Amino acid sequence: MTPETTNTLVVGGGQAGIAMSEHLAKNGIDHIVLERHRIAERWRSERWDSLVANGPAWHDRFPGMEFSASAPDAFPGKEEVADYFVDYAKMIGAPVRCGVEVTHVRRNDGRPGFRVETSAGVIEAQNVVAATGPFQRPVIPQIVPEEAGVVQMHSTAYRNPEQLPEGAVLVVGAGSSGSQIADELLSAGRKTYLSVGPHDRPPRSYRGRDFTWWLGVLGKWDLSTPGPGTEHVTIAVSGANGGQTVDFRRLAARGMVLVGRTEACEGGKLRFAADLAGNIDHGDRNYLSVLDEADAYVARNGLDLPEEPAAREIGPDPDCVTDPICELDLAEAGITSIIWATGFTLDYGWLDVDAFDTGGKPRHQRGVSPEPGVYFVGLPWLSRRGSSFIWGVWHDAKFIADHIATRQTYLDYRPAPCRETAEA
């Protein structure tokens, strides 16, 4: 059978794939979007029940449509976010095919384009955009052996406290996911331990403006990658409960036990690094630095924003910080569950092209790979700090679609026929 053909094949029907479809269409580029499950599936089936967006509705959206059910300053729930992308895809007429998995992509031999093998047949495309995002393969460190006798799961598998067996819970990782899950468990009456590593801890809001607004006016959304090895910065920020600043001291005051980074497990005993106080201090300094920059911006621009001196009040260190636990017997502590909020790794095993470094990470410049016709979108720091956020991926997708359109003008170029001179 003759393979189906298209100019550009977009792999992934989440926020990145829908954004790509909009901009490709605006450039008149024929394309197909393939999604192995449903549109924005990870928002529905790989997140806990109470998850809300980390940014307010006025900010974390595409320019072309607002959230219909949430007020501008509210934080939409995960189902509303997923529905938003379904509705957006309908609005722009995105050619999304759900239930189709891409299994292998390779460059054609001796002719342009790529051969794309899918669960629904072969497609040939001039360009391939990997829009599968950063949350591809959950990472669970091989620290606690199965014979330890505790339930272990990644944060993608956690849904609610009732899902876990009776007993205490250890949450490893204090970024947005870990801190929110630990807070929920504590509120549900569970004895909760939280393993806190290095992190940034911004204010949820300050002087009447959300953190996302401050990043915008201070120019921080446009920052480039901080440096090699710093592409992933753990940020403890939450939109839960109407949006509150994550404060580990307050969590400890409510009964949560904070520990340092989880390092090892031997004989049913967990060992933690002696870095808890330093990690908490680093988060505090990050928090206060944002307040300092915000105050300076208000003064410099003469803005009438209410002062908020209480925001600078940092409570005393709890006992678990001043006298940290370095070793914990799982059985004695009654810990029956461990939730690993330890992030993800990339998985491009299906993309068989020369666009990766020796560690399997994409090589690219603003999403444009060294393999002509192969692009990436939806990755953290793709072009700037805002790249992995909903609004940021929309702007990155525009740049990539424009690049595809420009490249196509070169491919379509045909020299004009030579003019014959009249005989004298």
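The values are calculated or read from the model by the stated rules, or taken from the named source; none is laboratory data. All of these numbers come straight from a predicted model, not from anything done at the bench. Glycine gets a Cβ as well: all are built from the backbone with ideal geometry, and neighbour counts include every protein chain shown. Each accessible area value is taken on the protein alone, full model and side chains, heavy atoms only, with ligands, DNA and RNA left out. Shrake-Rupley method; radii C 1.70, N 1.55, O 1.52, S 1.80 Å.
When residues in segment 242-256 are screened for being surrounded by fewer than 19 Cβ atoms within 10 Å (Cβ to Cβ) and either part of a helix (DSSP H, G or I) or not basic (Lys, Arg) (or both), 7 of them pass. Annotation note: Cβ proximity below 6 Å between a residue of segment 293-306 that is touching a residue at least 60 places away in the same chain (Cβ under 8 Å) and a residue that is part of a helix (DSSP H, G or I) and open to solvent by less than 70 Å² (accessible area, probe 1.4 Å) (sequence gap 6+ or interchain) occurs for ALA294/TRP214; LEU305/VAL298.
Run down ARG107, ARG115 and say which single residue is surrounded by 14 or more Cβ atoms within 10 Å (Cβ to Cβ), within 13 Å of THR6 (Cβ to Cβ) and not hydrophobic (A, V, I, L, M, F, W, C). That would be ARG115, the only listed residue that is surrounded by 14 or more Cβ atoms within 10 Å (Cβ to Cβ), within 13 Å of THR6 (Cβ to Cβ) and not hydrophobic (A, V, I, L, M, F, W, C). Pairs meeting the criteria (first residue in segment 121-144 and under 20 Å from PRO3 (Cβ atoms), second residue of a type in the set (Lys, Arg), beta carbons under 7 Å, at least 6 apart or on different chains) are VAL122/ARG115; GLU124/ARG115.
If I filter segment 123-163 down to residues being of a type in the set (D, E, K, R) and in contact with a strand residue (DSSP E or B) (Cβ under 7 Å, 6 or more places away or on another chain), which single residue comes out as most open to solvent (accessible area, probe 1.4 Å)? Steps first, please.
At the first step, the residues of segment 123-163 found to be of a type in the set (D, E, K, R) are 124, 137, 146-147, 159, 162.
Restricting the remaining residues to those that are in contact with a strand residue (DSSP E or B) (Cβ under 7 Å, 6 or more places away or on another chain) gives 124, 137.
Details: GLU124: 34, ARG137: 111 Å².
For segment 123-163, the residue satisfying everything is ARG137.
Any residue in segment 265-280 that is acidic (Asp, Glu), surrounded by 14 or more Cβ atoms within 10 Å (Cβ to Cβ) and not in a loop (DSSP other than H, G, I, E, B)? No, that holds for no residue. Number of residues in segment 43-91 that are open to solvent by 50 Å² or more (accessible area, probe 1.4 Å), farther than 20 Å from VAL237 by Cα and touching a residue at least 60 places away in the same chain (Cβ under 8 Å): the value is 1. When the residues of segment 20-59 are filtered to those that are modelled with pLDDT of 95 or more and among the acidic types (Asp, Glu), the one that is nearest to ARG97 (Cα to Cα) is GLU35. The strands (runs of 3 or more DSSP E) found wholly in segment 315-416 and carrying at least 1 residues that are open to solvent by 50 Å² or more (accessible area, probe 1.4 Å) occupy 327-329.
Collect the residues in segment 187-213 that are of a type in the set (A, V, I, L, M, F, W, C) and surrounded by fewer than 21 Cβ atoms within 10 Å (Cβ to Cβ), keeping them in residue-number order. I'd like the intermediate steps shown before the answer.
Step one: list which residues in segment 187-213 are of a type in the set (A, V, I, L, M, F, W, C), which gives 188, 194, 196, 211, 213.
ALA188, TRP213, listed by residue number.
Which one of GLY189, GLY178, GLY197 is of a type outside the set (Asp, Glu), within 13 Å of LEU258 (Cα to Cα) and either in contact with a helix residue (DSSP H, G or I) (Cβ under 9 Å, 6 or more places away or on another chain) or in a strand (DSSP E or B) (or both)? Spell out the reasoning first.
Numbers: GLY189 fails: within 13 Å of LEU258 (Cα to Cα); GLY178 fails: either in contact with a helix residue (DSSP H, G or I) (Cβ under 9 Å, 6 or more places away or on another chain) or in a strand (DSSP E or B) (or both).
None of the other options fit; the residue is GLY197.
For segment 1-28, a residue qualifies if it is open to solvent by 20 Å² or more (accessible area, probe 1.4 Å) and touching a strand residue (DSSP E or B) at 6+ places or on another chain (Cβ under 6 Å), and the qualifying residues are PRO3, GLU4, THR5, ASN7.
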